[in-house]
Structures are given as structure tokens and as C-alpha cells.
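The values are calculated or read from the model by the stated rules, or taken from the named source; none is laboratory data. Just so it is clear, the structure is predicted and the values come from calculations on it, not from any experiment. Here the Cβ positions follow ideal geometry from the backbone for every residue, glycine too, while neighbour counts run over all protein chains shown. Please note that ligands, DNA and RNA were not included when accessible areas were found on the heavy atoms of the full protein model with its side chains. Shrake-Rupley method; radii C 1.70, N 1.55, O 1.52, S 1.80 Å.
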Amino acid sequence: MSGDGSGRRRGLDGPAPEERPTPAGRRNEQGIRIDPEVEAKQEPRRTVISTLVEHEPGVLSDVSGLFSRRQFNIESLTVGPTTDDDRARITLVVEEPDPGIDQIKKQLRKLIPVISVRELESDAMRRELALVKIDADQPAEVAAVADMYDGKTVDSCPETATIEITGSRQKIDAAIETFEQFGIREIDRTGTTALARGTQSTAAPASTTESTAEAASHPQNQYAPADDD
């Protein structure tokens, strides 16, 4: 120890606290500083994820619960039977940045009832159904617009007409916008359902061929806990 005659310990030479550089980036809940470049916000994109699951009670609750816990937003979700009575298909439309989409697929694969998860290509066959109840003060004009969008009148009375429209999300949006001129009373939409084109399997991942037998031969993958690792 060296002294300067005042009896106080002399510190190391260096800049004053206010002159020292401050690390960039915020800290997360654990107090760990996050690299700003890593945290840079990525633009979200809308995509369709097709999930083949065991057709049993509680599956939909498991999937929706996963999204709730991870704070991912489901834009639409449809569930339907497949050619196998023991299997069901869940079609999810989500809008997230790429890291979020990758995390969704990863966490879905860890759920016990899930057999296969695949993000569909942009050219996949995507369809949606909508029922639109419209004021029928101008029945001829309403019918003309319905014909324009290949719509079908499924109910009518002197006051209203209900039109069924099937097609892409963009087509449904355009039809609803056009019907607004007559006054829309109610709308109900199914959300997107989709299948891969051609001979591609909708259930299998794009890079591998995953069958029920393969999934059964790796039970540890089905029973892995859902986490962020």
C-alpha cells in the first residue's frame, strides 16, 4: 500500500465515472444486457402452419395454451378431420418475425399430441369461408356483387340477405369491402384452411418425410417438455 501523506489509499489512474463509456442496449428481466444488434426488430410476416395431431380431447386446449403462455398471437385457427379417424389437422395463421415463427414450430413439436408440424409454402392452396349478412334494400345490386365474387345466397328475406363466399383471404376481404356499400349487419369467417400443392404431404416437414411410424419410433421427441431451449 502506498500513501500520499493523507492516510488515504490512492486509486488506480483512469477516467472519472461520468467519463467512462456506457454499454449500449437494455437489460432483460434477469439483468443481462442485450446486444442491440441481436435485439434489432425484424419485420413480422404472415404464414400458415399445418399441424397433424392425435384426434383426442384436450389437444386444442394444449395448442392454444402454448400460444397464450408464449404470448404468440393466433390470427386464425381451424381444426378438421383427416383421412385417418385418429388424426386431426390444425391449421394456424400467425404473423410474427422469423425467430418467433421458428419458436412456434419448435414448441408445437414438443407437445405430446402433435405428430407433425410444417410451415406451408406461399403457393399452398389456402381457402377461407365467410358468411356476410347484408341489408337487402337493393336486392338486384346485392345479387350482382355476390355473382362478382362467386358468392351464394344462403338466406334471404325482405330486410336482409346472407351471402356465402369461399376463396382466398384477399378475395374475402375485397368482397366484404364491396358489400359495405349496402350495409353489413353481421360477418362470420372460418379462418384459413390449407393444403400443400401437388404430391407434397401437408403434414410432413419440407426437409424430411415424417410418418406416423417414424414419430412412434421416437417417443422421446413427443414427450419432451415445451420450453425455450
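Which of the residues spanning segment 169-204 are open to solvent by less than 40 Å² (accessible area, probe 1.4 Å) and within 20 Å of the chain's Cα centre (by Cα)? Steps first, please.
Step one: of segment 169-204, the residues open to solvent by less than 40 Å² (accessible area, probe 1.4 Å) are 172, 174-176, 178-179, 182-183, 191-192, 194, 196, 202-204.
Answer for segment 169-204, where residues must be open to solvent by less than 40 Å² (accessible area, probe 1.4 Å) and within 20 Å of the chain's Cα centre (by Cα): ILE172, GLY191, THR192, ALA194, ALA196, THR202, ALA203, ALA204.
Exactly one condition in (1) surrounded by fewer than 14 Cβ atoms within 10 Å (Cβ to Cβ); (2) touching a Lys or Arg at 6+ places or on another chain (Cβ under 9 Å); (3) closer than 23 Å to ILE74 by Cα is false for PRO99; which is it?
Unmet condition: (2).
Within segment 47-66, count every residue that is farther than 16 Å from THR192 by Cβ and either touching a residue at least 12 places away in the same chain (Cβ under 8 Å) or touching a Ser or Thr at 6+ places or on another chain (Cβ under 8 Å) (or both). So that I can check it myself, show each step before the final result.
If we filter segment 47-66 for residues that are farther than 16 Å from THR192 by Cβ, which is where we start, we get 52-62, 64-66.
Now narrow it down to the ones that are either touching a residue at least 12 places away in the same chain (Cβ under 8 Å) or touching a Ser or Thr at 6+ places or on another chain (Cβ under 8 Å) (or both): 52-56, 58-60, 62, 64, 66.
Summing the residues that are farther than 16 Å from THR192 by Cβ and either touching a residue at least 12 places away in the same chain (Cβ under 8 Å) or touching a Ser or Thr at 6+ places or on another chain (Cβ under 8 Å) (or both) in segment 47-66 gives 11.
Based on this model, can you work out whether LEU92 counts as among the hydrophobic types (A, V, I, L, M, F, W, C) and out of contact with any helix residue (DSSP H, G or I) (no Cβ under 9 Å at 6 or more places or on another chain)? Spell out the reasoning first.
On the way: among the hydrophobic types (A, V, I, L, M, F, W, C): yes; out of contact with any helix residue (DSSP H, G or I) (no Cβ under 9 Å at 6 or more places or on another chain): no.
Judged against the criteria, LEU92 is not a match.
Residue by residue through segment 42-82, note down the ones that are assigned to a strand (DSSP E or B) and of a type in the set (Gly, Ala, Ser).
Here is the first cut: in segment 42-82, the residues assigned to a strand (DSSP E or B) are 45-54, 74-81.
Those that are assigned to a strand (DSSP E or B) and of a type in the set (Gly, Ala, Ser): SER50, SER76, GLY80.
List the number of the failed condition for ILE187; all other conditions in (1) at pLDDT 90 or above; (2) part of a helix (DSSP H, G or I) hold.
Here ILE187 meets the rest and fails (2).
Name the residues in segment 139-154 that are touching a residue at least 24 places away in the same chain (Cβ under 8 Å) and either outside the structural domain of THR166 (by TED's automatic domain parsing) or surrounded by 12 or more Cβ atoms within 10 Å (Cβ to Cβ) (or both), would you?
Residues satisfying the conditions are GLU141, VAL142, VAL145, TYR149, GLY151.
If you check GLN138 against the conditions, is it among the polar types (S, T, N, Q) and closer than 19 Å to GLY183 by Cα?
yes
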